[in-house]
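The values are calculated or read from the model by the stated rules, or taken from the named source; none is laboratory data. The structure displayed is predicted, hence computed values, not measured ones. For neighbour counting, all protein chains shown are included, and Cβ atoms are generated from backbone atoms with ideal geometry for every residue, glycine included. For the accessible areas, the whole protein counts, side chains as well, though only heavy atoms, and no ligand, DNA or RNA atoms are used. Shrake-Rupley method; radii C 1.70, N 1.55, O 1.52, S 1.80 Å.
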Amino acid sequence: RARDRNRNNATASSTEAAAASPSATPTRRGSSSSQGAREAQQSSNTKKKKSFRYKPGTVALREIRQFQKTTKLLIPAASFIREVRSITHILAPPEITRWTAEALVALQEAAEDYLVGLFSDAML
């Protein structure tokens, strides 16, 4: 920042000097078009820094450990209930349309337990 202030002060003093004496004109180092071309060439030569990535499988193992520690349900409740109601509408008689909250939670726990067992068997 100090350099920027010094540059601003230097340009201000050079413009004041140019205004004071019309014969003294400030000189520039190179034209603006060559400077822009030089900056474009430098930006194309520099490579972006690669973002950090874990080795394949590291994040998956971390997620497995995290999910094994928790006891919360993993399937979103609203979408599971919606699917249960659509299956009930198709398979059950028309007079059975209502579910208690405890029955839906028990059904979701049983479904997730079944899926976990199915996936662990698939891994074997």
Taking segment 50-84 and keeping only residues that are open to solvent by 70 Å² or more (accessible area, probe 1.4 Å), closer than 28 Å to Thr97 by Cβ and either of a type in the set (Asp, Glu) or at pLDDT below 95 (or both), one is left with Leu74, Glu83
Which of (1) modelled with pLDDT under 90; (2) open to solvent by 100 Å² or more (accessible area, probe 1.4 Å); (3) assigned to a loop (DSSP other than H, G, I, E, B); (4) of a type outside the set (Phe, Trp, Tyr) does Pro26 not meet, given it meets every other one?
(2)
Which residue is most open to solvent (accessible area, probe 1.4 Å), if the candidates are limited to segment 98-124 and must be of a type in the set (Val, Ile, Thr) and either touching a Lys or Arg at 6+ places or on another chain (Cβ under 8 Å) or closer than 28 Å to Ile64 by Cα (or both)?
Val116
